Amino acid sequence: MALNRTAIVQGLQQLVGAANVVTDEQELKRSSIDRLRLYEDVHGLYTRPIPAAVVMAHGTQHVTAVLQFANRNRINVVARTGRTATEGGLETAVEDSIVLDGSSMNRILKIDTYNMQATVECGVCLQVLEDECRKLGVTTGHSPQSKPIAQMGGLVATRSIGQFSTLYGGIEDMVVGLEAVFADGTVTRIKNVPRRAVGPDIRHVIIGNEGALCYITEVTVKLFPWLPQNNAFVGWTLKDMRRGFEALRRVMVGGYRPSVARLYDPPDGAFHFGSFAAKDDCVLLFMAEGPAGIVKATVEGIGEIVAQFPECRPVDPRHLAEWFADLNWGADKIANERREILATRAMGRTTEVSADWSTICDIYENALSRLRVEVPDITMAGGHSSHAYINGTNMYFVYYYDVKCPPEQEVDRYRTGINRVICEETLKLGGSVVHHHGMGKARTPWIREEYGSSYYILERLKRAFDPNDVMNKGCVIPQ
Ligand SMILES: Cc1cc2nc3c(=O)[nH]c(=O)nc-3n(C[C@H](O)[C@H](O)[C@H](O)COP(=O)(O)OP(=O)(O)OC[C@H]3O[C@@H](n4cnc5c(N)ncnc54)[C@H](O)[C@@H]3O)c2cc1C
């Protein structure tokens, strides 16, 4: 028989101690959602099923005990660390779920500058780790905009990517080894070695699982030399996105590895570069970092390639350095955003996709032309490419709309429709519907089409590791 809420709370208190089981009503309501329902949240409205409790885990033993209890009693568990999720990954899909919070597992276990790797518990905030690393002259190379708040468990669980990805890669390129706990309480450790060829790379069952297969308790990531004195910015304005994509492509296929490689369209660029860009300007920019000789060669090589586009006009690099210094989102920006939403009813959101060089500009143009006519109350639609690869790039759509409906209808009326347009246009041309924010629950309608015949593998993984469907119900794999 299913346990009721009181029995769940009592069971959890016995396992981890009453002090680690949160049952405050307001906190439970806030724990039923993430930033997908930000508009409801700022209005104090909560339409998702409310969890029974939030458990503050203080170690792998707590995680194991809670997962075994949940698995035995068929209770849904939502893993949580930094709470910056944007796609509904933290939503509790059914009543009386358990939110298993790892933010108290926040010890940096080792920063090893000889073997260039750091081992941390899942609740270590990336900014804290990065600050400690820099004191020793090294960097994680990971810099998502959510760096001041996001924590290592969530960053690995969502396959996050940072602003310097063109040089250092996404989190999947940085993770060396892990510890994770599965639904039945099995604790698994993947050891830290530079590479191995001993069958499939099982790290990738864990990286990106979004709490739908297992709970990540510990992570080891690579480190790199930190040489900020050599950082260099270069940038240009131009009038045409298609030409901008082509310049970006030539830099990437030319073999260069800037840390940052971005192309902004005019509406999005106006938000960031109003101090120097005209209203119809696209902005193409790069940052190079690392040893001085590599930086010099990178900047010169990019300059030679962009010179093949005579319409490009150079930008004073100081503007770019100033802009970049204020790009991350800490608690202050998040608080300001909430105040602004309440005052203006204007919502700004994003959807990020990826595709090869042949199709990315068509996806960008097709999606934007549909958005402008199909979505009501839209006040701005644009975007930028922010993560470039040798074989393609991402497109980060940015859009604003004025909410003209009750708060509880906002997601359905606006966000879902916008996602539909962007995902449909992306899939039509063979791209991927999520570049880095994770599937959450918001983008699962497109998962079968995204995976095609390989959906078989994903479904089997879920059935094998979570046969009772207690790991983040509805996340990644639709209910
Ligand atoms: C302002 C802002 C900027 C952002 N910028 C970027 C960016 O530049 N790049 C980027 O990639 N993302 C970005 N994001 C998205 C988000 O920050 C990342 O996805 C981040 O990785 C989430 O980490 P978190 O610790 O906050 O995880 P949470 O929000 O707590 O959880 C995210 C997901 O991971 C699961 N999860 C959390 N912890 C664990 C665990 N220990 N084990 C298993 N599953 C777990 C959760 O169930 C949920 O599905 C941004 C978000 C915001 C709000």
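Taking every DSSP beta bridge with both residues inside segment 35-135, roughly what % is antiparallel (nearest 5)?
The antiparallel fraction comes to roughly 35 percent.
Any idea what the relative contact order of segment 192-305 is, in percent, if you count C-alpha pairs under 8 Å spaced at least 6 apart?
Averaging sequence separation for qualifying contacts and normalising by length gives 31 percent for segment 192-305.
Less than 18 Å from a label point 7 Å out along the Cα-to-Cβ axis of residue 345: which backbone N atoms in segment 400-422 qualify, by residue?
Backbone N within reach: 400-415.
What residues have an amide H closer than 5 Å to that of residue 176, excluding those fewer than 5 places away on the same chain, when H is modeled at 1.01 Å from N in the peptide plane?
220, 221, 222
Based on the alpha-carbon gyration tensor of segment 114-206 and its eigenvalue square roots a ≥ b ≥ c, which shape applies: rounded if a/c is under 1.5, prolate if not and a/b is larger than b/c, or oblate?
Working: a/c = 1.66, a/b = 1.40, b/c = 1.18.
Prolate is the answer for segment 114-206, as a/c is 1.5 or above and a/b outweighs b/c.
Using θ = phi - 60° and the Karplus relation 6.51 cos²θ - 1.76 cosθ + 1.60, list the HN-Hα couplings for segment 74-90 in order, rounded to whole Hz, with x at every Gly or Pro.
Karplus-based 3J(HN,Hα) across segment 74-90 equals 6, 9, 5, 10, 10, 6, 8, 10, x, 6, 9, 3, 10, 10, x, x, 8 Hz.
So what's the gap between the Cα centers of segment 367-430 and segment 432-464, to the nearest angstrom?
Between the Cα centres of segment 367-430 and segment 432-464 lies a distance of 19 Å.
Can you tell me the dipole magnitude for segment 406-452 around its Cα centre, using point charges on the Cβ only (Lys, Arg +1; Asp, Glu -1), in Debye to the nearest 20?
60
Students often forget the sequence filter, so: which lysines lie under 26 Å Cα-Cα from residue 29 once same-chain residues fewer than 8 apart are removed?
Partners within reach: 147, 333, 404, 441, 473.
Using label points projected 7 Å from each Cα along Cα→Cβ, tell me how many nm separate residue 204 and residue 463, to one decimal.
2.2
How large is ³J(HN,Hα) for each residue in segment 424-439, as worked out from phi by the Karplus curve 6.51 cos²θ - 1.76 cosθ + 1.60 (θ = phi - 60°), to whole Hz, x for Gly and Pro?
4, 5, 5, 5, 3, 9, x, x, 9, 6, 9, 8, 8, 7, x, 6
About the Cα centre, and with charges only on the beta carbon of Lys, Arg (+1) and Asp, Glu (-1), how big is the dipole of segment 18-140? Nearest 20 debye, please.
It works out to roughly 220 debye.
How large is the helix-only mean residue ellipticity at 222 nm for the chain, computed as the sum of -39500 (n - 2.57) over DSSP H runs with n ≥ 4, divided by its residue count, in deg cm²/dmol to the nearest 500?
Value at 222 nm, helices only, nearest 500: -10000 deg cm²/dmol.
With charges set only on the Cβ (+1 for Lys and Arg, -1 for Asp and Glu), what does the dipole of the chain come to about its Cα centre, in debye to the nearest 20? Don't jump to the answer; show the numbers that get you there.
Details: 52 positive and 56 negative charges, 140 e Å.
About 680 debye.
Of all alpha-carbon pairs in the chain, indicate the percentage at a distance above 28 angstrom.
In whole percent, the share of Cα-Cα pairs in the chain beyond 28 Å is 53.
Please give me, ordered by residue number, the GluC sites (Glu not before Pro) of segment 25-98 that lie in loop per DSSP and have at most 15 other Cβ atoms within 10 Å. If you can, show how the numbers build up before the last one.
Working: sites: 25, 27, 40, 87, 91, 95; in loops: 87, 91, 95.
Here the sparse-neighbourhood loop sites are 95.
Compute the acute angle (0 to 90°) between the alpha-carbon long axis of helix 331-344 and the principal axis of greatest extent of the alpha-carbon atoms of the chain; round to the nearest 10°.
80
Given 0.36 nm per residue, what is the gain on full extension from residue 369 to residue 112 after removing their alpha carbon distance, in nm?
87.5 nm
For segment 37-105, just say rounded, prolate or oblate: build the C-alpha gyration tensor, square-root its eigenvalues into a ≥ b ≥ c, call rounded for a/c under 1.5, and beyond that prolate if a/b exceeds b/c, oblate if not.
In terms of gyration-tensor shape, oblate.
Given a Förster radius of 35 Å and the C-beta distance between residue 389 and residue 104 as r, what FRET efficiency does 1/(1 + (r/R0)^6) yield to the nearest 0.05?
0.45
Take each of the peptides 299-307, 164-172, 113-121, average the number of other beta-carbon atoms within 10 Å over its residues, and list them starting from the highest.
Going by the mean number of other Cβ atoms within 10 Å, highest first, we get 164-172, 113-121, 299-307.
Sorted by average packing, counted as other Cβ atoms within 10 angstrom per residue and highest first, what order do 265-277, 282-294 take? Walk me through the numbers before you get to the answer.
Numbers: 265-277: 18.5, 282-294: 20.9.
Per-residue mean Cβ counts within 10 Å order the peptides as 282-294, 265-277.
Please work out how much length the chain gains when fully extended from residue 338 to residue 230, using 0.36 nm per residue of separation minus the C-alpha to C-alpha distance, in nm with one decimal.
35.2 nm
Could you grab the relative contact order for segment 360-419? Cα pairs under 8 Å, six or more apart, rounded to a whole percent.
Worked out over segment 360-419, it gives 32 percent.
Excluding same-chain residues fewer than 8 positions from residue 279, which lysines have a Cα within less than 24 Å of its Cα?
239
Select from 207, 186, 163 the residue farthest towards the positive end of the dipole of the chain; place +1 on Cβ of Lys and Arg, -1 on Cβ of Asp and Glu, and compute about the Cα centre.
Farthest towards the positive pole: 186.
Kindly write out, for segment 241-255 in residue order, the coupling ³J(HN,Hα) from the Karplus curve 6.51 cos²θ - 1.76 cosθ + 1.60 (θ = phi - 60°), rounded to whole Hz, with x marking Gly and Pro.
For segment 241-255, the Karplus-derived couplings read 4, 4, 5, x, 4, 5, 5, 4, 4, 5, 5, 5, 6, x, x Hz, x marking Gly and Pro.
Computed from the coordinates by the stated procedures, all read-outs in this text should not be read as laboratory data. As the structure is a prediction and not an experimental result, all values here were calculated from the model. Here the Cβ is made from the backbone with ideal geometry for all residues, glycine too, and neighbour counts use every protein chain on show.
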